[in-house]
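Please read the structure below before turning to the comments.
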Amino acid sequence: MRTADRFEGLALLGEATVGPLSLSLPAVMESGPAEPPRPGLTLTSLPSPSGVRRLRIADGGAELVVDLPVLAPEIAGAGTGVHRASEGVFLVHAPVRNEALAELRSAAPKLIVLGNARALWTEGEPLVAAVRAIRTALGAGPVLWAPRVGLPHRIPFLTYLGVDLLDTTEGELAASRGEYLDLTLARVDASAAGMERACSCEGCRAGGPPADLAAHARTLYRRSAAETRVALREGRLRDLVEARLASEPTLSELLRYADRGLGPLLEERAPVTGARSHDYVLLESHRRPEMVRFRARLLERYRPPPSKSVLLIVPCSKTKPYRRSRSHRRFAQALDGLEGLARVHVVSLSSPIGVVPRELEDVPPARHYDIPVTGDWAESERRTVGDGIDHLLRLGQYKAVVAHLDPEEYAFVRDRLSVSLPVDWTVGDSATTARPALDALRTAISKALDTVPRMTSGPLAVVLEELREAASFQFGREAADRLFAAPVRLAGRPWFQRITDGRSDLATVREERGLFHLTVLGAHRLGDRLPRVEVDPAVRLEGDLFVPGVRSADPTIRAGDEVGLYREGRLAAIGEAALPGRLMGELGRGLAVNVRKRDHGETDTHLTEQGSRSTRGPVVEG
Ligand SMILES: [Zn+2]
């Protein structure tokens, strides 16, 4: 039985049962002799019959003894790679053949011991491949132990990779060689650390100098494990992983392999919602799954609204959403009063997110990121921005482009704009918010708008187009087409929009969240494009849906997604996924879906705390 209070990367913070052991994971086992007995989670080597390593994992009163077959090199390199150790415990030597993994899956393993983890670590990419193979075949259920690879500074990364259990063996060995371990620099000179009283742990206080290096190492393991769990609780494990990268080149290599090789698995675990801002400090941060997904969805799901005839490209701002920033408000003021402004498509260029059309400024993580700004763009950042611009120009109905950008800093954009359209650069030597630049901006936009035909529909029709694109970004194009099929009307305020069919709400979107909530009526419109959770018919849907009540869940579901709860093929309720779809099937308990609205066979009229007031606010025919 596996639970997850928090998840990030492939890490799960929660409980797991392995035989008589109840483990709180992720965890580090303290290796050491059998006597005297030690508190906490410990790992002890016991006298073993030949051909076997007998290990005892103990936690308080409970203990699990596992007999790991000792593999001769010629055996370890051949065969299936899977060896049964004890009840529910399997020794795996990567690479493992797929058939062997399929067989292993049917044995319902509780604990997987990655026997050659230490060798895989030195090889690099094969470690990531092994984790991918194991988690793809076996899911999140089994506890994964990577023996003898954990050093204190590696714990955050190994946890992010989905390794649940580590041990202190390597650190104890390092200490016996006279090494003084350090969380940031991996190891430092022991006498220097002693001289500076760098650590106040028991081992350093009692012994030093020379310190009790083994006791110091054990302290660092505990500190790093605690740090890792804190970060996981806070949703900042990736931040911690990146903060530790400089301690050892292998970490950077492995994170690169992980982002590439585990990309889909990492994306699956990344929620589509965002509640707090994250810092994207290093180039490695740019590869975080939520950023990769935003950039991919822009290219795959988004098209510029057809009424947008003038593309206005502007730099991003530190303030999010950009439109609230001082600079963007000044751009807006400069254009104030021009006729046909609804035809202007404001698109911000940023890193690491790429291009952000105004109507997507609230979509996570567009509202939730901070970066160091230097004006120097890395090659990968230029490419991201360039690909976004290409996409807009290819699918947009633009007649003119205005680039309100520093011509030197954004010189790399110039090539991308060498299209048949007229392109006006409106910033000279001065800042983008200086008077001459703002005047030039007004002149350029005014001139561009003169060349495009007047709109036949009102500006709210354009808002509807924009919302439809935001819905496409969230649900996919086909789903958005269905949701916005006539009859559809718009009611509400800019910060809280309601999509209705003229009588009842279909969906609402609040700017702080940036994602649509569907009503049951709206969910019906999406039909088979709505991600499904099949509910056990025996479960009464009176509150939220918990994991045991899930019969099956769409693997495309991400935490934060709108999902339909189906009972015996019929849409019974809708809600917001608390877990990715696959985890709903792989965990033993916990919240699966926050249920928002049950289908009582009547229209939804009280969706929001204010209630639904279809007579208020601007309304437009779709
Ligand atoms: Zn110490």
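Each value in this text was obtained by applying a stated rule to the coordinates, not by laboratory testing. From a predicted model like this one, the values you see are computed outputs, not experimental measurements. As a convention, Cβ positions derive from the backbone with ideal geometry for all residues, glycine included, and neighbour counts pool all protein chains shown.
Calculation over all alpha carbon pairs of the chain in 10 angstrom steps from 0 returns a P(r) of 3, 15, 22, 21, 17, 13, 7, 2, 0 percent. Axis of helix 459-475 versus longest Cα principal axis of the chain: the two differ by about 20°, to the nearest ten degrees.
Amide H contacts under 5 Å for Val143: Leu111, Ile112, restricted to partners 5 or more places along the chain or on a different chain, H placed in the peptide plane at 1.01 Å from N. When Thr168, Thr384, Thr319 are arranged by Cβ crowding within 10 Å, least crowded first, meaning fewest neighbours, the order is Thr319, Thr384, Thr168. Database remark: amide H of Ala507 closer than 5 angstrom to the amide H of Ile499, Thr519 (H placed geometrically; neighbours at sequence offset of 5 or more, or on other chains; Pro and chain starts carry no H). Enter the angle in degrees (range 0 to 90, nearest 10) between the Cα long axis of helix 125-138 and the first principal axis of the Cα atoms of the chain, meaning the one along which they spread out most. Once rounded, the angle reads 80 degrees. Each principal axis of the Cα cloud of region 283-450 was taken in turn, and the coordinate range along them, longest first, works out to 42, 31, 28 Å. Within the chain, how many Lys pairs that are eight or more residues apart, or on different chains, come under 25 Å at the alpha-carbon? So the count works out to 4. Note on the chain: helix-only mean residue ellipticity at 222 nm, from DSSP H runs of 4+ residues weighted -39500 (n - 2.57) and normalised by residue number, equals -10000 deg cm²/dmol.
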